[in-house]
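K.L.:
Let me begin by handing over the structure; questions about it come next.
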Amino acid sequence: MLRRLTPVLLTLVVVALGITALAARPDDGGPRRSADFVVLVGAAGLRWDDVDPQNTPTLWRMAEQGAIGSLSVRSAHRPTCPVDGWLTLGAGNFAAWNGSRPGGCPAAGVTVEQPDGIGANLPDQPGVVAHNQEKLAWGAVPGALAESVRCSVAVGPGAAVAAARPFGRVDRYEPALPDDPAELLGSCVLSIVDVGTVDDDDPAVRAAQARQADARLARVLAARPPRSLVLVAGVSDTDSPARLHVAVADGPGWDGGWLTSPSTARAGYLQLVDLAPTALAALGRPMPERLFLGRPAVTVDDRPDDLPEAITAPADADREAAAQRRVAGWFFTLLAAAQMALAVAVLPLLRRARRLAGPHGPEPVSRRVVAVVELLLVAAALAVPAALLADAVPWWRGTHAGWWFASVTALLIVGGTALVRFAPGHDRTLGPLGAVAGLATLVVGVDVLTGSRLQLNGVVGYSALEGGRYAGLGTVGLGVFIAGSLLCGGWLAQRVRRTWRPTVMVAVAGTAVVIVGSPYLGADSIGAIALTAGVSVAAAICGGGWLTVSRLAWATMAGLAVTIGFALVDLGRPAAERGSLGRFLAALGDGTGGLTVHRSSTSNFQTLVNSPLTVLALAGAALVWLALLQPWGGLMRLFGIYPAIRAAMAGTGVAAGLGGVLGGSALDVAGAAGALVVPMAALAALRVLDHSTDRTLPDSGRPGEEDGAASSDGSGPGGADPAGPGATAVATAPGVATPTHQS
């Protein structure tokens, strides 16, 4: 009776862990009304390396007394040209101007009419609104910010784009900043000022442009209304590639600290779409929740008191993000090519690894060659964790950043491979698999527990320039963590009695669910739901047997239970505090959920077509299906001998597949997981085949150890399946030969 109830009880444990992880959310310290006026000052292209006390003294003093951050200027167009940035600012959502902009960001000819000399009119605005509503996937409404206040002021053509209402009207407009703008800035609660563009590649010209923008900012600050919040932002890029830009807030309640936002959950980072809700929150005005994608910015402490030291951090982050973009593409391309080449090299070894009975047969491969291939497989599996750990070294500051990254990563791969090679138990069949899985899980887990600093702008992490994620687990990190934690759980479960294996699997991988889903840590609700389904599959079959319909149903029910439980908790929160799942369900209720589905499907397709990890996932699946799972491939034999490892790999496939598709990253999660799992599966299969004809009797092992005499349930006296180098026991998979053991 207890054995029948075990899957049910363990499923409930996994569900409870998942909901516990997802339900708790940190207090974001949401902003309250702090100002009577808000002045948004924009300078397209302004970056932190343009700011210094001599050339931009006004902005420097403002940054000393206010809050600062790095601004991601993502819009619906790549790169975000000035007109797209101003439009996104006024929409509070990812927006873009009509038409294509080939070859960078040409000067946009925005028509601004002044029929009455007080306000202005943008005749193209209705068409721009229709373009964003009908052609783009974000559902942005340009002019949503202006519609949320009674009156707004715009100074300059860029500001007119941001302040125009959806039908094109700008309440008050001046084409240039007056010498004394006090009366103008005090006439409406919201003012938007364009102080120019900083876009030249020549350092001297660029410095002159920044100096001119700073002089205009000085006039704005001298004329600011009482109890006003002034926000300065580098509202856009001016050419490819994208960069991080300046964000400064100065006013009541914005004294020092880092700027951040719930949309980034990362101290010192906010998005362009956050500026509109920040302005309304400071004014105490209600927000159009369905229209705004951004969230109000807040300040957090821990900013260095010394401003040059504080500014160094966002400027260095900009350099790292720029270097990451250049390096990431060739790293994943080389990784996919190396793993495919290694897969081809393993095929003849698999064919000749199993020694045939009788005097005739293929000559066995040299032990030295096999040892070298095993080391290469270990190195390939450690490549992604090593690349993640490489970001602990500031390689991006060097002249040849790519070579520095390659050198650091290669040294870490060599060190990790040596650690696995000389680790205790390396000669056992599952020794390298357990060591590699443990190292990979440790690297990703420690990074997440310490704030995911290695993943932000890391080569195998995520870029703040892309605007998709700023904190927690990224796509590649999720794949590695899923594979590592489940393989660790399977390796440990294989060492205990069969009846205890589901419990061990749930204990290890269930902890991973909490780490992935917690908003304090991994902050990936989709990943936690997918991992819950994978853990349920692994727990159901780790004691032996196949993935039956009933077991798959339990796994599906577990994932659905976590999803439903978290959805109910999330929908019970205020709209401003909901996570992605709660916002999606709310959108379904008001009829706008189709935009989210459209964005996810578009993202899946683009990632599937363009990502090198797609090649890695498909190549790994081909190696497993066409070679390792064949009668001569060894993986079926490995699964029969070690059911907990089979369970872990099955759970990895389920979790990685669901996490990628539901998260909009197609096969990227599966590719990252496969980069770890497939080399280890090939290595373990080689070892099993190498000892498939051994006839020596097993030594009597102690309970809980890998090698031990077979008992009635297929385990040793302690309940553990034999796992020496090539050890085998009674196979639980059909078609797998019965007992042979280690030499």
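K.L.:
Considering amide H positions built from the backbone, and no H for Pro or chain starts, which residues 5 or more places from residue 269, or on another chain, come under 5 Å of its amide H?
P.N.:
70, 261
K.L.:
Work out Dmax and Rg for segment 430-544 from the C-alpha atoms and quote the Rg first, both in angstrom.
P.N.:
Cα radius of gyration and Dmax of segment 430-544 are 14.5, 49 Å respectively.
K.L.:
Ok, one more. I'd like the FRET efficiency for residue 211 and residue 151, computed as 1/(1 + (r/R0)^6) with the beta carbon distance as r and R0 of 25 Å, rounded to 0.05.
P.N.:
0.20
K.L.:
Let me ask you something else. Within segment 322-354, what residues put their amide N at less than 19 Å from the label point 7 Å along the Cα-to-Cβ vector of residue 630?
P.N.:
Answer for this model: 340-354.
K.L.:
Residue-wise, which Karplus ³J(HN,Hα) couplings in Hz belong to segment 294-307, taking 6.51 cos²θ - 1.76 cosθ + 1.60, θ = phi - 60°, and x for glycine or proline?
P.N.:
x, 10, x, 6, 9, 10, 10, 7, 6, 7, x, 5, 7, 4
K.L.:
How much of the accessible area of segment 138-271, in percent, comes from carbon and sulfur atoms when a 1.4 Å probe is used?
P.N.:
50 percent
K.L.:
How high is the relative contact order of segment 63-175, in percent, with contacts defined as C-alpha pairs under 8 Å that are six or more residues apart?
P.N.:
Normalised by residue count, the contact order of segment 63-175 is 27 percent.
K.L.:
Just add up the charged neighbours of residue 49: K/R +1, D/E -1, any other residue whose Cβ is under 9 Å from the Cβ of residue 49.
P.N.:
-1
K.L.:
Taking amide hydrogens as modeled 1.01 Å from N in the peptide plane, which residues meet the under 5 Å criterion relative to residue 172, leaving out close sequence neighbours?
P.N.:
Residues meeting the amide H criterion: 152, 154.
K.L.:
Amide H of residue 76 versus every other amide H placed in the peptide plane: which residues, excluding those fewer than 5 positions away on the same chain, fall under 5 Å?
P.N.:
Residues meeting the amide H criterion: 95, 96.
K.L.:
State the Kirkwood hydrodynamic radius of segment 183-264 in Å, one decimal place, computed from all pairs of distinct Cα atoms.
P.N.:
Value: 14.7 Å, from the Cα pair sum.
K.L.:
If packing is taken as the average number of other Cβ atoms within 10 Å across a peptide's residues, how do 338-347, 206-215, 140-149 rank, most packed first? Please report the intermediate quantities before stating the final value.
P.N.:
Values: 338-347: 17.5, 206-215: 19.1, 140-149: 24.2.
The most tightly packed comes first, giving 140-149, 206-215, 338-347.
K.L.:
Starting from the 7 Å offset along Cα-to-Cβ, what nm value, one decimal, do you get for the label separation of residue 240 and residue 134?
P.N.:
Using points 7 Å along Cα→Cβ, the separation is 2.9 nm.
K.L.:
Return the Cα extents of segment 305-431 along principal axes one, two and three, sorted largest first, each rounded to a whole Å.
P.N.:
78, 31, 19
K.L.:
Just to be sure I understand the model, the point goes 7 Å from the Cα along the line to the Cβ. What's the resulting residue 419 to residue 202 distance in nm?
P.N.:
5.2 nm
K.L.:
For residue 255 and residue 301 in the same chain, what is the full-extension length gain: residue separation times 0.36 nm, less their Cα-Cα distance, in nm?
P.N.:
Stretched out fully, the residue 255 to residue 301 stretch lengthens by 15.5 nm.
K.L.:
List, in order, the whole-Hz ³J(HN,Hα) value for each residue of segment 427-444 obtained from phi through the Karplus relation with A = 6.51, B = -1.76, C = 1.60 and θ = phi - 60°; use x for Gly and Pro.
P.N.:
With the stated coefficients, segment 427-444 comes to 6, 6, 4, 9, x, x, 4, x, 5, 5, 4, x, 5, 4, 5, 5, 4, 5 Hz.
K.L.:
From zero outward in steps of 5 Å, how is the percent of C-alpha pairs of segment 210-256 spread across the bins?
P.N.:
For segment 210-256, the pair-distance distribution reads 5, 17, 23, 24, 16, 10, 5, 1.
K.L.:
Determine the gain in length on full extension of the stretch residue 411-residue 369; use 0.36 nm per residue of separation and subtract their C-alpha separation, reporting nm with one decimal.
P.N.:
Gain on stretching residue 411 to residue 369: 12.9 nm.
K.L.:
Would you work out the relative contact order for segment 422-515, in percent, from Cα pairs under 8 angstrom that are 6 or more residues apart?
P.N.:
Reported as a whole number, the value is 26 percent.
K.L.:
Let me ask you something else. Give the average over all directions of the projected area of the C-alpha convex hull of segment 380-454, one decimal, in nm².
P.N.:
Mean projected area of the Cα convex hull: 5.1 nm².
K.L.:
Please report, to two decimal places, log10 I(q)/I(0) for segment 364-519 at q = 0.08, 0.15 Å⁻¹ as given by the Debye formula with identical point scatterers on the Cα atoms and no solvent.
P.N.:
Summing over Cα pairs of segment 364-519 leads to -0.27, -0.85.
K.L.:
Could I ask something else about it? Any chance you could list the semi-axes, whole Å, largest first, of the equivalent ellipsoid that the Cα gyration tensor gives for segment 33-81, using √(5λ)? Can you show the working numbers first?
P.N.:
Details: eigenvalues 96, 68, 18 Å².
With the √(5λ) rule applied to segment 33-81, the semi-axes are 22, 18, 9 Å.
K.L.:
What's the Kirkwood radius of segment 224-331 in Å, using all Cα pairs?
P.N.:
15.4 Å
The values are calculated or read from the model by the stated rules, or taken from the named source; none is laboratory data. Keep in mind it's a predicted model, so treat the numbers as computed, not measured. Reconstructed Cβ throughout: ideal geometry from the backbone, glycine too, with neighbour counts over all protein chains shown. Ligands, DNA and RNA are excluded from the accessible area calculation, which covers all protein heavy atoms including side chains. Shrake-Rupley method; radii C 1.70, N 1.55, O 1.52, S 1.80 Å.
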